[in-house]
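The values are calculated or read from the model by the stated rules, or taken from the named source; none is laboratory data. What you are looking at is a predicted structure, and each value in this text was computed from that prediction instead of being measured. Note that each Cβ is placed from the backbone with ideal geometry, even for glycine, and that neighbours are counted across all protein chains shown.
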């Protein structure tokens, strides 16, 4: 089944070793793609080699590390101004979709005009959901193949429909990175749009370049912001209480708290949430 072209925005920063493979993965899709690379403040040497690494893709050099959401907004604005495609895919610089990933997603949303956001299958077997007291959590899957309703799209590879983004707006740039796709999905839901994960539309994301402390900081701080804005301050304070209770448990048994467990990152996240400090992480959070 043929599909119209899909635009793609890839957010890149200092990963010359990865960006070439990612661009090649999108170029080899079974649907035609039009790729925009947004460089988020890479060093001079990396920026100089990018044109060779990305081939025919369009390059936008932001000149600073804007974060995933704000960097994505740079690409979304260019897409809205200069492309006429219905769908835009967003991905980080090391996302590796299978050749038929975009086609599988488009097959599932073709007859679902109410779907404004969709994401590929990262292979973890979970469904992204938003709990009004805890934030983003995982749930058990309900389907083995095809479209599965989800509360928000997975950021490793997500698609946004033009009509949805034009009505709802872009990423909230206070989030910098983490939870921005969930917050966007909550606004989309408020406007009547739905979201889905496409089982079988596979994408791999081999690594993570940020420190554990930085990830823990952004995940918790942004979760608190999202809960406050969309569910109320009582929900955010409940989540703070959960985080405080978890701190001594995590310090005694850190492996049990998961890959992104960092007591220092979480304490600083609560501090900055209370202060109303959002956007890029402060200098005292490890990069």
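Tabulated data for the structure shown
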quantity: Count - residues of the stretch 78-100 that are touching a residue at least 12 places away in the same chain (Cβ under 8 Å) and more than 17 Å from the chain's Cα centre (by Cα); calculated: 9
quantity: Leading residue by the ranking (nearest to the chain's Cα centre (by Cα)) among those in the stretch 1-26 that are assigned to a loop (DSSP other than H, G, I, E, B) and farther than 22 Å from residue 84 by Cβ; calculated: 13
quantity: The lone exception for residue 144 - which of (1) touching a helix residue (DSSP H, G or I) at 6+ places or on another chain (Cβ under 7 Å); (2) outside any helix (DSSP H, G or I) it fails; calculated: (1)
quantity: Only listed residue being in contact with a helix residue (DSSP H, G or I) (Cβ under 8 Å, 6 or more places away or on another chain) and touching a residue at least 24 places away in the same chain (Cβ under 8 Å), chosen from 247, 197, 218; calculated: 218
quantity: Given (1) surrounded by fewer than 14 Cβ atoms within 10 Å (Cβ to Cβ); (2) in contact with a strand residue (DSSP E or B) (Cβ under 6 Å, 6 or more places away or on another chain), index of the condition residue 138 fails; calculated: (2)
quantity: Helices (runs of 4 or more DSSP H) within the stretch 176-252 that include 3 or more residues modelled with pLDDT of 95 or more, in contact with a strand residue (DSSP E or B) (Cβ under 7 Å, 6 or more places away or on another chain) and buried (at least 20 other Cβ atoms within 10 Å of the Cβ); calculated: 180-190, 212-231
